[in-house]
Amino acid sequence: MRLLDSALPIVAAPMAGGPTTVALAAAVGAAGAYPFLAGGYASPEALAAQIEQLRPRVHGFGVNLFVPSRIAPDQASLAAYADELRGEAEAHGVQLDPVPVTDDDHWGQKLRLLIERPVPTVSLTFGLPDAGDIAMLRRAGTRVLASVTSADEARLACAAGVDGLIVQGPDAGGHSAVFDPSRIPEPTGTASLVRRAIRASGLPVIAAGGVDGPEAVSRLLAAGAEAVAVGTLLLRTDEAGTSPTHRAALADPAFEESVITRAFTGRPARALRNGFIDRHGSTAPNAYPAVHHLTRELRAAAARSGDADRLHLWAGTGYRSASEGPAAEVVHRLAAGV
Ligand SMILES: Cc1cc2nc3c(=O)[nH]c(=O)nc-3n(C[C@H](O)[C@H](O)[C@H](O)COP(=O)(O)O)c2cc1C
């Protein structure tokens, strides 16, 4: 494999907000897959600590960062959404603050950290930073990957100077990497997206989205991907930091499908369909990270109290195949498709 130096062409996708832990990354690394740490939402100090804990335990690894949004949230639609959500919040005794909070997820500090203490790979999601930032990481000896969801985004990433792509199909769990979050990713298979992205960019590709077993791995490798990334299949493993409410929902037959929604964070994301999505999916504004901050406390309270109806239950279409047990078992199972 040219892009990543791992024994197996299998990648543990970064999963911010709890699921990715150093223990999970170390376990998949020991099983021969390539682990990613989730730098999104983490403070620079917490990320630095995770990197130094993982570094001696694995051969190679990556760190994922959220590229800051350049779109200013529309105050009026945000205020209206805060108003709409008041009853949901009151059910948990939470007061929503309608004053929009936006942030850059400490982009500058995290970039400095990764320049001063370089890591083998950095992957970017939610768009592209300045080409100068990509060049700086590459000069530090880091391989830089951009997450893309279309052939056009693949072309833009190539022009920005990245070493490779993570091609994320719309079946993927969690946030979509779409550069323009006003666009809901159109339904398409990850394999056909991989072929189009390779044609458009000529770059090496890691495929992600909807992997539910070894056959999906085979299909994506046959489509030209150098490796296949999985997120959802790791969510219920022993080493993942997934909340008990989320874990239980993934195995609960009452959740019949996963859908793409902006209801929780203002950016399209695939989650198990629940009441919150049904009630607010059609009105949620395109305003990430302002909606993420608006709903954060409410979601934290829902997770604590076992309220799966108001929680962002991120899940890809393969969620029914997410099993309990050691993460290494998931890697071994998927290796049959290599
Ligand atoms: C709970 C969860 C959290 C995620 N967090 C991130 C993240 O922090 N950064 C990122 O680039 N992708 C994130 N993703 C998307 C994954 O990187 C990957 O694209 C996706 O999991 C692949 O599809 P699958 O879930 O069907 O395997 C997340 C996915 C899930 C399920």
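Results, tabulated for the structure shown:
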{"read-out": "Estimated dipole of the stretch 181-338 in Debye, rounded to 20 [Cβ of Lys and Arg +1, of Asp and Glu -1, Cα centre]", "value": "580"}
{"read-out": "Positive-end residue, the stretch 208-338 charge dipole about Cα centroid, Cβ charges, pick of Ile277, Leu234, Gly306", "value": "Ile277"}
{"read-out": "Alpha-carbon Rg/Rh ratio, for the stretch 1-73, with Rh computed the Kirkwood way", "value": "1.02"}
{"read-out": "Pairs of Cα atoms farther than 20 Å apart, the stretch 81-195, %", "value": "55"}
{"read-out": "Relative pair counts by distance (%), Cα atoms of the stretch 32-129, 5 Å bins", "value": "2, 11, 18, 16, 12, 12, 11, 9, 7, 2"}
{"read-out": "Solvent-accessible area per residue for the stretch 178-306 (1.4 angstrom probe, square angstrom)", "value": "37"}
{"read-out": "Spherically averaged projected area in nm², based on the convex hull that wraps the Cα atoms of the chain", "value": "15.0"}
{"read-out": "Semi-axis lengths (Å, descending) of the ellipsoid that matches the C-alpha gyration tensor of the stretch 125-279", "value": "28, 18, 16"}
{"read-out": "Percent of alpha-carbon pairs separated by more than 17 Å within the stretch 223-279", "value": "51"}
{"read-out": "Helical mean residue ellipticity (222 nm; -39500 (n - 2.57) per DSSP H run of 4+; nearest 500) of the chain", "value": "-10500 deg cm²/dmol"}
{"read-out": "Charge dipole magnitude, Cβ of K and R +1, D and E -1 - the chain, Cα centre, debye nearest 20", "value": "840"}
{"read-out": "Within the accessible area of the stretch 197-338 (1.4 Å probe), percent carbon and sulfur", "value": "48"}
{"read-out": "Of all accessible heavy-atom area on the stretch 123-190, the percent that carbon and sulfur account for (1.4 Å)", "value": "53"}
{"read-out": "Highest-fluctuation residue, Gly174, Gly318, Gly87 considered, GNM on the chain with Cα pairs under 10 Å", "value": "Gly87"}
{"read-out": "Per principal axis, descending, Cα span of the stretch 211-338 in whole Å", "value": "42, 30, 24"}
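The values are calculated or read from the model by the stated rules, or taken from the named source; none is laboratory data. Note that the coordinates shown come from a computational prediction; the quantities given were computed from them, not determined experimentally. In this analysis, Cβ positions are derived from the backbone assuming ideal geometry, glycine residues included, and neighbour counts consider all displayed protein chains. Quick note on the areas: whole protein, heavy atoms, side chains included, nothing else; ligands and nucleic acids left out. Shrake-Rupley method; radii C 1.70, N 1.55, O 1.52, S 1.80 Å.
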